[in-house]
Amino acid sequence: MTEEMKYLPSKWQDEVIPAPQADVNTFICPAEAGQWEMLPVENRDDPEDATFYRQTLEPGTIIAFDVHRNFGDFQLHVYGDGTHQVDGDYPSSANCFVVDGDIDTLQDNLETLVKGDGTQWAEPLQPGDYDLQVYWWSEKPSHFRFTVDEGRARFEPCEGPN
């Protein structure tokens, strides 16, 4: 079970997201003429492909990051009587449950995922076996200030926007 804490710029949270990183500094990338920008790691070879995520960084810029922990994949068994069972254990802090990699099934608890919430967007799961992804996203962001010192760029933790 993976529990490594990883980070993703909060404004990059969407239905499809870049890979969260263990070190916030991994998102820093040199740009033209001594400038800096923030890019997903997977777009380093082709920065033009990252226009949605690309952000110029100036010293003093504060970036909010969401914290993520992936608890892994499990087998979910849903039975005809509405009961269910998960093979394995995950931390009680988990707040994201997805079946078969379909982000449209995302729920913040297992009961709602299995039994639905009474809306057309969260139908009860049919009896069967499912691949279950379990993870956690922070409810509040962590803030980091961008600094450049003697040509070395980095993010430093801070209390938040000024």
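Keeping all protein chains in the complex and leaving out DNA, RNA and ligands, what accessible area do you get for Thr56 with a 1.4 Å probe, in Å² to the nearest 10?
In the full protein context, Thr56 sits at about 90 Å².
Suppose R0 equals 25 Å; then what is the FRET efficiency for Arg44 and Cys158 from their Cβ-Cβ distance, rounded to the nearest 0.05?
Efficiency, from the Cβ-Cβ distance: 0.45.
Using a basic spin-label model with each label point 7 Å from the Cα along Cα→Cβ, how many nm lie between Tyr79 and Glu139?
Each label point lies 7 Å from its Cα, and together they span 3.2 nm.
Counting only protein heavy atoms and using a 1.4 Å probe, what share of the accessible area of the chain belongs to carbon plus sulfur, as a whole percent?
Carbon-and-sulfur percentage of accessible area, whole number: 46.
Among the aspartates and glutamates, which fall within straight-line cross-link reach of Lys140, defined as a Cα-Cα distance under 14 Å, with same-chain neighbours fewer than 8 residues apart omitted?
Cross-link targets: Asp66, Glu159.
Rolling a 1.4 angstrom probe over the protein heavy atoms, how many square angstrom per residue are accessible across region 1-124?
Here the residues of region 1-124 average 57 Å² of exposed surface.
Can you tell me which aspartates and glutamates have their Cα less than 14 Å from the Cα of Lys115? Leave out same-chain residues fewer than eight positions away.
Here the aspartates and glutamates satisfying the reach criterion relative to Lys115 are Asp81, Glu123.
Determine the sum of side-chain charges near Val24: Lys and Arg each +1, Asp and Glu each -1, restricted to other residues whose C-beta is under 12 angstrom from that of Val24.
0
Work out how much length Ala33 to Gln13 would gain on full extension: take 0.36 nm times their residue separation and subtract the Cα-Cα distance, in nm to one decimal.
Residue separation times 0.36 nm, minus the Cα-Cα distance, leaves 4.3 nm.
Residues with amide H under 5 Å of Asp73's amide H, sequence separation 5 or more or different chain, H placed in the peptide plane at 1.01 Å from N; which?
none
The values are calculated or read from the model by the stated rules, or taken from the named source; none is laboratory data. Not measured: the values here are computed from a predicted model. Backbone-built Cβ (ideal geometry, glycine too); neighbour counts: all protein chains shown. Ligands, DNA and RNA are stripped out before the accessible areas are found, and what is left, the full protein with its side chains, is counted by its heavy atoms. Shrake-Rupley method; radii C 1.70, N 1.55, O 1.52, S 1.80 Å.
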